Every structure is written in C-alpha cells, then in structure tokens.
Amino acid sequence: MQTGNFYMTDIDTNTVTELNITNPALDTTIVAQYPLGDGAAPEDLTVSTIAKQDYLYVLEAGKLSVKAFIIKGPGQAVEIQEVAYGPLAQQAGLKLDTNNVMGMSLIVS
C-alpha cells in the first residue's frame, strides 16, 4: 500500500476507519473515517494495488454489495463504484442471507 495506512470496518457504525500505526511503539492515529450509510454492515475489506494505484474494496453484508474506493493519498479514499451482488445471486438461483455473508478475497493477475 502506498499510503502505509491500515483500514478496518465497524459493523455497528457502518464505517471504514483509516489508521496510521507507528512502529515499534504501535502508536495509532485515526487518519479518516468513511461512512457507508445505514444498513451497510461492513464485514470485510481488502486493498489492492493495480497499475501503481491503490483501491479499497468493502464487503457490505447488510446490503449484499461491494463498494470500491480509489485511494488518492492518506485520508483521501473516494468511492467510485458500488456493485450489488444480491440480485445477481438471486438470478442464478442462489439464496443469500445478510447474516451469512462474510469473507472476501481479491485476486489480480
């Protein structure tokens, strides 16, 4: 990650928090918080670098969707897309429950 920061989700507040952690003392500073909206229930996230640009992907279990952010710099994650996978799963005959959605991986080749 180019910013050197870390990201965590809070399912109760529907928020992603960007943290800076200083080693070896592990002093932690909140850099920014990104509200996802009511009902998002963010369960997991991942960061990926593609063509020297960092992207943050957040699994919103409560909305059966994934939000994508471009990370322009520390404290500068900007939402660029939301994909609702719930309707796609339903069309394929899969039954998803917001209480049973967790875990996400991103594989870039």
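Could we say that ASP38 is open to solvent by 90 Å² or more (accessible area, probe 1.4 Å) and in contact with a helix residue (DSSP H, G or I) (Cβ under 9 Å, 6 or more places away or on another chain) here? In short, yes.
Test ASP97 against the criterion of being modelled with pLDDT under 90, over 17 Å from PHE6 (Cβ atoms) and of a type in the set (Asp, Glu), and give yes or no. Yes: the conditions hold for ASP97. Look at region 41-55: where a residue is touching a residue at least 24 places away in the same chain (Cβ under 8 Å) and a partner is of a type in the set (D, E, K, R), sitting 6+ places away or on another chain with Cβ atoms under 8 Å, you get ALA41/GLU60; ALA41/LYS63; PRO42/ASP10; PRO42/GLU60; GLU43/GLU60; VAL47/ASP54; SER48/ASP54.
Looking only at residues of region 1-27 that are open to solvent by 80 Å² or more (accessible area, probe 1.4 Å) and among the acidic types (Asp, Glu), we find that the one that is nearest to the chain's Cα centre (by Cα) is ASP12.
Among the residues of region 71-109, the ones that are surrounded by fewer than 15 Cβ atoms within 10 Å (Cβ to Cβ), among the aliphatic types (A, V, I, L, M) and assigned to a strand (DSSP E or B) come to 4 in all.
Scanning region 41-63 for residues that are open to solvent by less than 40 Å² (accessible area, probe 1.4 Å) and either assigned to a strand (DSSP E or B) or touching a His at 6+ places or on another chain (Cβ under 9 Å) (or both) returns PRO42, LEU45, THR46, SER48, ASP54, LEU56, VAL58, LEU59, GLU60.
The values are calculated or read from the model by the stated rules, or taken from the named source; none is laboratory data. Quick caveat, the model's predicted, so the values are computed rather than measured. Positions of Cβ are backbone-derived with ideal geometry, glycine not excepted, and every protein chain shown enters the neighbour counts. These accessible areas exclude ligands, DNA and RNA; they are computed on the full protein's heavy atoms, side chains included. Shrake-Rupley method; radii C 1.70, N 1.55, O 1.52, S 1.80 Å.
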